[in-house]
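Below: one structure, written as structure tokens.
The values are calculated or read from the model by the stated rules, or taken from the named source; none is laboratory data. All values derive from a computational prediction rather than experimental measurement. Neighbour counts run over all protein chains shown; Cβ positions are idealised from the backbone, glycine included. Just so you know, the surface numbers come from the protein's heavy atoms only, side chains and all, with ligands and any DNA or RNA stripped out. Shrake-Rupley method; radii C 1.70, N 1.55, O 1.52, S 1.80 Å.
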Amino acid sequence: MPSVCDSLPSVLSLAEARDRLVAALSPVRGVESVLSGCALGRVTADDIPTGVDFPPFSNAAMDGYAVRSVDGVPGATLQVVDRIMAGATSDRTLEPGQAIRIFTGAPLPDGADAVVIQERVVQEGETLRLGLSAPLLAGENVRFRGEELRAGERLLASGRILRPQELGLLAQAGLETISVRRRPRVAVLSTGDELVASGGSLGPSKIYESNRAVLFGLLAELPVEALDFGIVADDRNLLGDALERAQAAADVIITSGGASVGAADFMVELLAERGTVEFWRVAIKPGKPFLFGRLGETPLFGLPGNPVSMMVTFMALVKPGLEALIGLRPATPIRWPVRALSVIQKTPGRLEFIRGVLKRRGGELFVLPLAEQGSHRLSSMSLAHCLIVLPRESSGVAAGDWVSVEMLPGGERDMSEGAA
Ligand code: AMP
Ligand code: MG
């Protein structure tokens, strides 16, 4: 019998693979209303207008004195007639020759159109001498009503992910609840006869399973609901059953392990039998046996089991796919140019992700490839700040050459000299 592998298209480039899976995935349906304060990381379902002006009234940008700008000439003397703290108001209208003591955030009194900062004046009793070097300009140190945004204007566009600063904007607009997209449900399962869940006892030939821990951590950064479908043995029927259960519960399935061509690697054949293989194998290292397909309508990402390959393929392929399902424009990771601190050997053919540590040398940033690059070595992923990305055709780099790096999740945290 010809193997399923024979009828499949050849190895795709990373860009082709990413484009194909992003194009194949459309946002899940469903919207829910949530408290704005609980909406961190969620995605706006509609354009959100503000009902209030930003700022809602003209106010002082600095502590000082509200004046008419025409009175603000060097050496002028004004009379202080009132005082306005933030949160208070004054019912006085400023007449020519008058000033009102004002504090940051307090409403500008009628008649005033500028604020002289307190460092530029001398106040004696109610007399104020302006120590200006140039005439005051209208609008100086004033934040005018609606200058940032007017009521009715768009505060946030549909499809925006809400970061802390966006939660602040919602709060400034006084919006207690908002509409966000439903979070796609992501089923996660690990396959392998050798895998034991932490807490279990390790027999000979067994290892503790770690991919779900990593995947749940990676998924926590996205607005998805992660569902744990546990560890499944290398058994066609058991695996088929588990996939069916995952399909019934989730919008998308992520498996790890069993995606290669070993005797116990069933993922590709199972998917070919029960669904559709969209593509299998990508010209990257690590992570070549990446599988993308559908079980019924449910998309499935089949990741290689080695912990580093699993994580690299998640970042490069699963994440943009999930972003498409979430309804975000998939973000291509930023690749930063830095110089290699040492030689890196490579054979042309596959794009390579090489774990690296960032180092400062004379004020410049360099990247040092870690010596241990085995795709089973999760500890080197833990030491690394970033992945050095060497294109398919590259035949290696010399020390001092420019290379591109992609930051690992949290990789910006430790840039100390000593970390290696
Ligand atoms: P596979 O992709 O199934 O051929 O597995 C490749 C390697 O990754 C093997 O050494 C497996 O033991 C290991 N592996 C597979 N799945 C996991 C997992 N969930 N956690 C830790 N190691 C795994
Ligand atoms: Mg396996």
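Find the centroid of the Cα atoms in segment 57-121 and in segment 184-259, then give the distance between the two in whole Å.
Cα centres, segment 57-121 to segment 184-259: 65 Å.
Note down the accessible area of Met311, probe 1.4 Å, to the nearest 10 Å².
30
Say the dipole of the chain comes from +1 at the beta carbon of Lys and Arg and -1 at that of Asp and Glu; which of Ile207, Ala171, Gly64 then lies farthest toward its positive end?
Most positive-ward Cα: Ile207.
With unit charges on the beta carbon (Lys/Arg positive, Asp/Glu negative), name the residue among Phe292, Leu35, Pro391 whose Cα is farthest towards the positive pole of the charge dipole of the chain.
Pro391
Determine, from the Cβ-Cβ distance of Asp193 and Ala248 and an R0 of 30 Å, the FRET efficiency 1/(1 + (r/R0)^6), rounded to the nearest 0.05. Don't skip to the end; give the middle numbers.
Details: r = 25 Å, r/R0 = 0.83.
For Asp193 and Ala248, the calculated efficiency is 0.75.
So which aspartates and glutamates pass the test for Lys319, namely a Cα distance under 12 Å, with those fewer than 8 places away in the same chain ruled out?
Counting by Cα, and skipping residues close in sequence, Lys319 has these aspartates and glutamates nearby: Glu221.
At a probe radius of 1.4 Å, what is the per-residue accessible area of Arg182, in Å² to the nearest 10?
Per-residue accessible area (Arg182): approximately 50 Å².
From Cα coordinates alone, what are the radius of gyration and Dmax values for segment 135-283 in angstrom?
My reading of the Cα-based Rg and Dmax gives 24.6, 85 Å.
Arranged from highest to lowest average of other beta-carbon atoms within 10 Å per residue, in what order do the peptides 288-295, 114-121 appear?
Output ranking for 288-295, 114-121: 288-295, 114-121.
Arranged from highest to lowest average of other beta-carbon atoms within 10 Å per residue, in what order do the peptides 169-178, 272-281, 97-106 appear?
Highest mean packing first, the order is 97-106, 272-281, 169-178.
With a 1.4 Å probe and all protein chains left in place, how much accessible area per residue does segment 59-143 have, in Å²?
For segment 59-143, the solvent-accessible area averages 49 Å² per residue.
If you roll a 1.4 angstrom probe over the protein chains with everything in place, what fraction of the accessible area of the chain belongs to carbon and sulfur, to the nearest %? Working shown, then result.
Values: 10120 of 19970 Å².
The nonpolar share, carbon plus sulfur, comes to 51 percent.
Among the aspartates and glutamates, which fall within straight-line cross-link reach of Lys206, defined as a Cα-Cα distance under 13 Å, with same-chain neighbours fewer than 8 residues apart omitted?
Within reach: Asp193, Glu194.
Would you please put 33-45, 319-331 in order of how densely packed they are, using the mean number of other Cβ atoms within 10 angstrom per residue and starting with the highest?
The most tightly packed comes first, giving 319-331, 33-45.
Could you give the nm distance between label points at Ser379 and Thr177, where each point is 7 Å from its Cα heading toward the beta carbon?
Distance between the two pseudo-spin positions: 5.2 nm.
If R0 is 45 Å, what FRET efficiency do you get for Glu297 and Trp402 from their C-beta distance, rounded to 0.05?
For Glu297 and Trp402, the calculated efficiency is 0.50.
When each pair of different Cα atoms in the chain is counted once in the 1/r mean, what is the Kirkwood radius in angstroms, to one decimal?
25.8
Kindly state, as a whole number, the per residue volume in cubic angstrom of the convex hull around the alpha carbon atoms of segment 59-143.
Cα-based convex hull of segment 59-143, divided per residue, equals 70 Å³.
Relative to the Cα centre, what is the charge dipole magnitude of the chain, using +1 at the beta carbon of each Lys and Arg, -1 at the beta carbon of each Asp and Glu, and rounding to the nearest 20 debye? Provide the component values of the computation, followed by the final result.
Numbers: 42 positive and 49 negative charges, 169 e Å.
Magnitude of the dipole: close to 820 debye.
Calculated FRET efficiency, Thr127 and Glu147, Cβ-Cβ r, R0 22 Å, to nearest 0.05?
That gives a FRET efficiency of 0.10.
Starting from the eigenvalues of the Cα gyration tensor, five times each then square-rooted, give me the equivalent ellipsoid semi-axes of segment 85-205, largest first, whole Å.
Ellipsoid semi-axes (Å, largest first): 59, 20, 13.
With contacts defined as alpha carbon pairs under 8 Å and 6 or more residues apart, what's the relative contact order of segment 326-418 in percent?
Taking the mean separation of contacting Cα pairs over the length of segment 326-418, I get 39 percent.
Quick check on the chain: of the DSSP beta bridges with both residues there, what percent are antiparallel, nearest 5%?
Rounded to the nearest five, the antiparallel share is 65 percent.
Cβ under 14 Å from Glu147's Cβ, Glu147 left aside: what net charge do those residues give with Lys, Arg +1 and Asp, Glu -1?
-2
So if I restrict to the alpha-carbon atoms in segment 1-148, what is the Rg, and what is Dmax, the biggest pairwise distance, in Å?
My reading of the Cα-based Rg and Dmax gives 29.2, 101 Å.
Stick to Cα atoms and the Kirkwood definition of Rh, then tell me Rg/Rh for segment 309-420.
Rounded to two decimals, Rg/Rh equals 0.97.
Provide Glu126, Glu194 ordered by accessible surface of protein heavy atoms (probe 1.4 Å), highest first. Spell out each step's value before the answer.
Details: Glu126 120, Glu194 70 Å².
I get Glu126, Glu194, largest accessible area first.
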